[in-house]
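Please read the structure below before turning to the comments.
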Amino acid sequence: MVVTTQASTRQLDDAEVEGLDRWWRAANYLAVGQIYLMGDDPLLTRPLAAASTKPRLLGHWGTTPGLNLLWAHASRCVRERDLEAIFVTGPGHGGPAVVASTWLEGTWTDVYPDVSRDAAGMGKLFRQFSFPGGIPSHVAADVPGSIHEGGELGYSLAHAHGAAFDDPGLVVFCVVGDGEAETGPLAGSWQSVAFVDAARDGAVLPVLHLNGWKIANPTTVARLSDDDLVAHLGGRGYAPVVVEGPHEGETSADVHRRLAAALDGCLDGIAAIQARARGRAGDDDHEVVGTDDVPRWPLLVLRTPKGWTGPAEVDGERVEGTWRAHQVPISEVRGDDENRRRLEEWMRSYRPEELFDADGRPQQDLLDLVPRRPMSANPRTNGGSVSRPLRLADFRDHAVEVRGPGETMHSPTTVLGDWLARVAVDNPTTFRLFGPDEVASNRLQAVVEAVGRAWAGKGDPDDDRMRPSGRVMEVLSEHLVQGWLEGYLLTGRHGVLTSYEAFVHIVDSMLNQHAKWLKVTRQLPWRDPLPSLNYLLSSHVWRQDHNGFSHQDPGFLDHVATKKAEISRIYLPPDANTLLSTMDHVLRSEHYVNVVVAGKQMVHDYLPVQEAVEHCARGLGIWDWASSDEGEEPDVVVAAAGDVPTLEALAAVDLLRTHLPRLRVRFVNVVDLMRLQSASEHPHGMPDAEFDAVFTRDRPVVMAFHGYPALVHRLTYRRANNGGFHVRGFVEEGTTTTPFDMVSANDMDRFRLAADVLERVPGLLPRHAALRQRLMDARRRAREHAYEHGEDPEEISGWRWPHGGVHHAMPAGTPAGRGGGRPAVDDAGDRPTP
Ligand SMILES: Cc1ncc(C[n+]2csc(CCOP(=O)(O)OP(=O)(O)O)c2C)c(N)n1
Ligand SMILES: [Mg+2]
């Protein structure tokens, strides 16, 4: 069933139309001024001089008049209905539009008092745009009221929904460019409507702006007939209404009237849907429901010319209404008098003298149009200012008991799931878990059991805990869950995105944009810190037992490590208790991108919870129970970061203890990867003196690392012992195979690590060539066993730390704590040559 939203029958009177048109003209004038003028004579009191124009013309005109039109109309609705609303600008390259309206509303001046709402301020407004030391050309973080830069197209609708979740009083106007609508993420975002709970969430009103063109091409969606458009969007669960204009012989007033009636119809429709879902009497005429009683949310399609009101033609070529209007329709205005005359004519066509007084202040009738709650000043758009910390139950209550290292095993994410479920229950409107259909697979099912999955679409008896009020957001689009979460965070709430490690790369680029937002807002004193963007990557590279190579890629860590040090954090907790402690930490943190990699498969429990907390606080530390260097300098440091690397590295240490009992081995575990970097490079960086004490300045370090080895080399670049680091990790050898065969194929298995120690510690290899040979043989045999029997040999799959160990609250004075101990015999052959 395809349904449409009916336009309202209320018609604007002439004064209302005139008011809209005057606002639109003012905003258009201010936008053109930003793109072209230096700002010395912003009101054009004199003929436009060459020196009054910018030497470099940088900005986008084409989308701007459409955005100004929509802002003016949305703002009218906000004022008349006293809405709590925000405006998300998909074509964010239309920065001049949003900056103009924000200045007209007075918010720009509130935030940047030197840019006053008068001629002097207007001059600064013009000059600062796309100017060195000024503001960017897009709807960037500098713009009050913005939660969405729109520089990288495709994420507006996902952000808009993220903002609307759990905010029942909010309306999000979301302009989607017709070019933007071609992107995969945006095309996927229409599905968001199936997850909106009309009772508990706010509403998104998508406005698909068909100006017909993108940079240099038409758009596919604009060439659809209205019938096809309505069928297309109706089929996605919307009730579209199409507004087009100006038709032949029409003025802008005709478009204003139709657009206003359509917008009123949309907002009436939203109100009716919400009233029904919230158990109130509503306006049934405006409510549209599809089959199965699922609401059809209104959607506006607006067809207006690209660059409307700009130059119709330039040098004999059509500009208005074509792709040529995309950037600056008239170029070279400094050196070309004729072009400059055209620009002046264009700017004067808005009749600025009727819109601003002699001092450059907007006329009173324009000021009267500013709503009580302007969209540009909505506090939600400064999410940190409205954010409340989560209520976090004590994770220690969910910790596993650890009697000795490796004695028991747990699935870390399963253990975490119980605690996260508590978090979700205790924060019923400010926390959500997001995932691309992998929450159960990542063993976080407890959260689903506690708070259900969000689902507002058609139901089925086999649905598992799906309900409109569900808190777990699952849709098979990494883009969409990422965008929803970003929108949710940008408006001050909290969340975790759980994904398979390999496929989180799909949102690399979205992460870039969010990290940029965090970086820039950190430098804007009026923007408060946001809750962190938290990734929980499970089903990781080493344990893709039944998926294979396509599912194996730890490179997201490399990607995140390229972001600003004050933003990026990477954690590799080795067991269940360290994962709990890590997640507690990241959910309390602000303004970071936290990446936590943790296994869902059974792993050994190493640390009792108090030890885990201390280890995580240190970020990296010596595990004395696994070390045999106490009281002396080690001959070698064996290090690990990640759960599987920790297992292999400990097994390698076990081999060394067995075969070279006098070798002084220090075992180091790294949870917080950025501890490896120098303190001058990263806020988490360990001071050099401490780092050198742990890793030594000159002893070999054999490290098993969860990701690509080069990352560790990069992070330790400035360390004294950088040259001593020998790192094993994923080297692109993947397939569907056993856990041991997987580490072995990548040269990160216990035998290879033990052999690395023989090869690195000076003098050992010549004396222990036979041992090395046995290690290589054992390694080969283990692989052959796997190839023959389809599983790892029992002595490998069943291996656990055999030396016991006491966890020392304080450094022990005697080696008594080490269960394994050292044999009394003095076997000098185990020691390196001096
Ligand atoms: C993901 C992405 N790809 C390419 C671009 C380059 N780009 C900037 S604007 C634009 C055209 C946008 O067209 P549309 O969404 O229709 O916006 P409008 O016509 O309103 O300017 C493109 C391709 C981009 N910003 N983001
Ligand atoms: Mg377009």
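Below 8 Å between Cα atoms, with a sequence gap of 6+, how large is the relative contact order for the range 314-411 in percent?
8 percent
For the range 468-567, max minus min Cα coordinate along each principal axis, in Å, sorted largest first?
Computed over the range 468-567, the largest-to-smallest principal extents equal 49, 38, 16 Å.
If you count the DSSP beta bridges with both ends in the range 388-597, what percent of them are antiparallel, to the nearest 5?
5 percent
Quote to one decimal, in nm, the extra length available between residue 722 and residue 348 on full extension: 0.36 nm per residue of separation minus the C-alpha distance between them.
My answer for the length gained is 128.1 nm.
Would you mind calculating the relative contact order of the range 388-597 from Cα pairs under 8 angstrom and at least 6 residues apart, reporting the percent as a whole number?
Contact order relative to length: 22 percent.
In which sequence would 408, 498, 578 go, from the one with the fewest C-beta neighbours within 10 Å to the one with the most?
408, 578, 498
Hey, which lysines would be in cross-link range of residue 124, C-alpha to C-alpha under 20 Å, not counting anything within fewer than 8 residues on its own chain?
Straight-distance partners of residue 124: 54.
When the distances between all Cα atoms of the range 198-340 are binned every 10 Å from zero, what whole-number percent does each bin get?
Pairs per bin, as whole percents: 11, 31, 28, 17, 9, 4, 0.
Distances longer than 30 Å among the Cα atoms of the range 625-830: what percent of all pairs is that?
21 percent
Which ³J(HN,Hα) values in Hz, rounded to whole numbers, follow from the phi angles of the range 616-632 under the Karplus curve 6.51 cos²θ - 1.76 cosθ + 1.60, where θ = phi - 60° and Gly and Pro get x?
5, 5, 5, x, 8, x, 7, 9, 5, 5, 9, 10, 9, 10, 4, x, 9
On a 0 to 90 degree scale, rounded to 10, what angle separates helix 412-426 from the longest Cα axis of the chain?
Orientation of helix 412-426: about 40 degrees from the principal axis.
Over the Cα atoms of the range 659-737, what is the Rg over Rh ratio if Rh follows Kirkwood?
Rounded to two decimals, Rg over Rh is 1.02.
Any idea what the relative contact order of the chain is, in percent, if you count C-alpha pairs under 8 Å spaced at least 6 apart?
About 11 percent, as a whole number.
Provide the net charge surrounding residue 782, with neighbours chosen by a C-beta distance below 13 Å and charges set as Lys +1, Arg +1, Asp -1, Glu -1.
Cβ neighbours under 13 Å give a net charge of -3.
How large is Rg over Rh for the range 388-597, taking Rg from the Cα atoms and Rh as the Kirkwood inverse mean of 1/r across Cα pairs?
Across the range 388-597, the Cα-based Rg/Rh ratio is 0.95.
Name the residues of the range 517-547 whose amide N is less than 17 Å from a point 7 angstrom out from the Cα of residue 110 along the C-beta direction?
Within reach of a label on residue 110: 525-528.
Once Lys and Arg get +1 and Asp and Glu get -1 on their Cβ, which of 677, 294, 181 lies farthest toward the positive end of the dipole of the chain?
Checking the options against the dipole of the chain, the answer is 677.
At 7 Å along the Cα-to-beta-carbon direction for both residue 56 and residue 227, put a label point, then send me their distance in nm to one decimal.
Placing both labels 7 Å beyond Cα along the Cβ direction yields 5.1 nm.
Which of 156, 763, 131 sits closest to the plus end of the dipole of the chain, meaning its Cα is farthest towards the positive end, when Lys and Arg get +1 and Asp and Glu get -1 on the C-beta?
Working it through, the farthest residue towards the positive pole turns out to be 763.
Please compute the alpha carbon radius of gyration of the chain, then divide it by the globular-protein estimate 2.2 N^0.38 Å. Two decimals is fine.
In units of the globular-protein estimate, the chain measures up at 1.10.
Given the range 388-597, what count of lysine pairs have C-alpha atoms under 23 Å apart, with each pair 8 or more places apart or on different chains?
So the count works out to 4.
Kindly list the residues of the range 118-140 that lie in the label zone of residue 45, defined by a backbone N under 11 Å from the point 7 Å along the Cα-to-C-beta vector.
Those under the cut-off are 119-120.
When the dipole is taken about the Cα centre of the range 287-362, and only Lys, Arg (+1) and Asp, Glu (-1) are charged at their Cβ, what size is it in debye, to the nearest 20?
Computed charge dipole of the range 287-362: roughly 120 debye.
What is the magnitude of the charge dipole of the range 388-597 about its Cα centre, with +1 placed on the Cβ of each Lys and Arg, -1 on the Cβ of each Asp and Glu, and no other charges, expressed in debye to the nearest 20?
Its charge dipole is roughly 880 debye.
By counting other Cβ atoms within 10 Å of each Cβ, how are 77, 266 ranked from fewest to most?
77, 266
Restricting the count to DSSP beta bridges whose residues both fall in the chain, what percent are antiparallel, rounded to a multiple of 5?
Bridges in the chain that DSSP calls antiparallel: roughly 15 percent.
Excluding residue 19 itself, what net charge comes from residues whose Cβ is under 14 Å from its Cβ, given Lys and Arg +1 and Asp and Glu -1?
So the surrounding residues net to -4.
State to the nearest 20 debye the size of the charge dipole of the chain about its Cα centre, where the only charges are +1 on K and R beta carbons and -1 on D and E beta carbons.
So the dipole magnitude of the chain works out to roughly 1620 debye.
How large is the helix-only mean residue ellipticity at 222 nm for the chain, computed as the sum of -39500 (n - 2.57) over DSSP H runs with n ≥ 4, divided by its residue count, in deg cm²/dmol to the nearest 500?
Estimated from H runs of four or more residues: -11000 deg cm²/dmol.
Pick out, from 696, 562, 658, the residue whose Cα sits farthest towards the positive end of the charge dipole of the chain, with +1 on the Cβ of Lys and Arg and -1 on the Cβ of Asp and Glu.
The residue sitting most towards the positive pole is 696.
Quick note: the coordinates plus some simple rules give every number you see, no bench work behind them. All values reported here derive from a predicted model rather than from experimental measurement. Note that we place each Cβ from the backbone using ideal geometry, even for glycine, and neighbour counts take in every protein chain shown.
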